[in-house]
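Step one of this worksheet: look at the structure below.
The values are calculated or read from the model by the stated rules, or taken from the named source; none is laboratory data. Because the structure is predicted, anything quoted here is derived from the model rather than measured. Cβ: placed from backbone, ideal geometry, glycine included. Neighbour counts: every protein chain shown. Heavy atoms of the whole protein, side chains included, go into the accessibility calculation; ligands, DNA and RNA do not. Shrake-Rupley method; radii C 1.70, N 1.55, O 1.52, S 1.80 Å.
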Amino acid sequence: MKTSFNPIVLTIRLVFFAFAVSASAVAQTPAETAGKKGPAVQTAESQAALTPASALEKLKKGNARFVEKNMRSRDWVAKVSATAGGQYPFAAILACMDSRAPLEIIFDQGIGDVFGIRIAGNIVNEDELGSMEYATKVVGVKVLVVLGHTSCGAVKGAIDDAKLGNLTGLLAKIRPAVAASGPGSSKDEAYVTKVAQANVSQAMKDIREKSPTIKEQLDAGTIGLVGAIYDVSTGKVTFLHD
């Protein structure tokens, strides 16, 4: 028996099918995508589950995503609400104040993930040490990072022994790194990077020697301390061997 083709009936069936699929998708959205839409933030449990090594790995992978232009999509406003009741960052980063190196961006991290301690030349003084002691002993971060960068204005000023108000004393803290790097010019970018690396190493030494609280945690292996250099021309962070 030959079945007749009825375009009206076919159209009605297609419309009904499309409506049914759409309704099903809407019905499944809350259950299936709640995790995707929910603000993934650090919690006490996720922080506690990390080790110094795994915390460092999170930073390395984040910078790789940044360099590869594969950064995670985040609902920043949702993260504000999600972290309003407390914070459980996994890392604290002592970095230069340079505007070209925004920490959460270059490490592809979100609100509540990292402490940022910023000062020209990423130098160490009592205030920075107190901040790091709070981050590790009170809040529970697992890794401290001292982050220098290429083409650093503070490093260039220290190389040139610049004098300018209170900046003079700050640059004096970088001068030991200049002395340790041998002769050179602030116009030589390779030399500036060499001094920046020496300055990172000096900062790490200061942290260990001037904070018994941090040294105790380092000796116990409950936290890590690493140095790194950020390249302002490529966006890549290179971690230094201590």
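A few comments on the model shown:
- Rounded if a/c under 1.5, otherwise prolate or oblate - segment 178-242, Cα gyration tensor axes: oblate
- Those trypsin sites (Lys or Arg not before Pro) in segment 144-242 that DSSP places in a loop and that have at most 16 other beta carbons within 10 Å: LYS163, LYS187, LYS236
- For segment 66-217, average projected area of the Cα convex hull in nm²: 10.4
- Residue pairs exceeding 23 angstrom between C-alpha atoms, taken from LYS163/LYS236; LYS173/LYS205; LYS215/LYS236; LYS142/LYS173: LYS163/LYS236; LYS215/LYS236; LYS142/LYS173.
- Its residues counted as N, segment 146-209 yields a C-alpha radius of gyration over 2.2 N^0.38 Å of 1.02.
- Accessible area per residue for segment 46-158, computed on protein heavy atoms with a 1.4 Å probe, is 43 Å².
- Modelled FRET efficiency - R0 25 Å, GLU189 with ILE105, Cβ distances, 0.05 increments: 0.60
- Charge dipole (segment 193-237, unit charges on Cβ, about Cα centre) - positive-most of VAL200, GLY221, VAL232: VAL232
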